[in-house]
1. Test each condition in (1) more than 21 Å from Leu100 (Cβ to Cβ); (2) in contact with a His (Cβ under 7 Å, 6 or more places away or on another chain); (3) among the basic types (Lys, Arg) for Lys77 and report the one that comes out false.
2. Run down Lys128, Lys89, Lys107 and say which single residue is modelled with pLDDT under 60, of a type in the set (Lys, Arg) and part of a loop (DSSP other than H, G, I, E, B).
3. Condition first: surrounded by 12 or more Cβ atoms within 10 Å (Cβ to Cβ) and in a helix (DSSP H, G or I). Now tell me which residues in region 47-63 satisfy that.
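The values are calculated or read from the model by the stated rules, or taken from the named source; none is laboratory data. On a predicted model such as this, the values are computed, not experimentally measured, just so you know. Neighbour counts run over all protein chains shown; Cβ positions are idealised from the backbone, glycine included.
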Amino acid sequence: MSDIIKHAGGRPTLYDPQITIQKIEEYLQTTGREQTELPSIEGLAIYLNVNPDTIYEWNKKHFEFSEYLKKLAAKQKKQLMDDGMYGGKEVNAAMAIFLLKAIHGMKDGSGISITGDKVIAILGGATKENDVPSNDGNEEVAQIN
């Protein structure tokens, strides 16, 4: 009986640390505001001639690759923030804001939400639930229940 070596299955990876990291560095240098192309996972996938799912798999398996994806995300975030803040002739600020929220988890506002049917400290001076500030006769005071 002969020894049979089983194949792990699937297509062999195209990931080669030296070549792939060099290509990512090239991609990061050739994208950005001056080139009017926003760095992205999808753009990197096209540049490397792989599926975006492959990028996500490499991110899980290869530490050095994931570090470069963090650089890509940081560059993208900075460009979106700069473009959203300072505008530009061809910049869509609404799109920049949307991408910052959707991809980078940023949000506007204070992050405070009010739930339920009782509101605490709506008017100045209220310190506990249902406390109402004193009324010296000059202001209307409302209680929300």
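1. Lys77 satisfies all of (1) more than 21 Å from Leu100 (Cβ to Cβ); (2) in contact with a His (Cβ under 7 Å, 6 or more places away or on another chain); (3) among the basic types (Lys, Arg) except (1).
2. Lys128
3. Selection gives Tyr47, Leu48, Pro52, Thr54, Ile55, Tyr56, Glu57, Trp58, Asn59.
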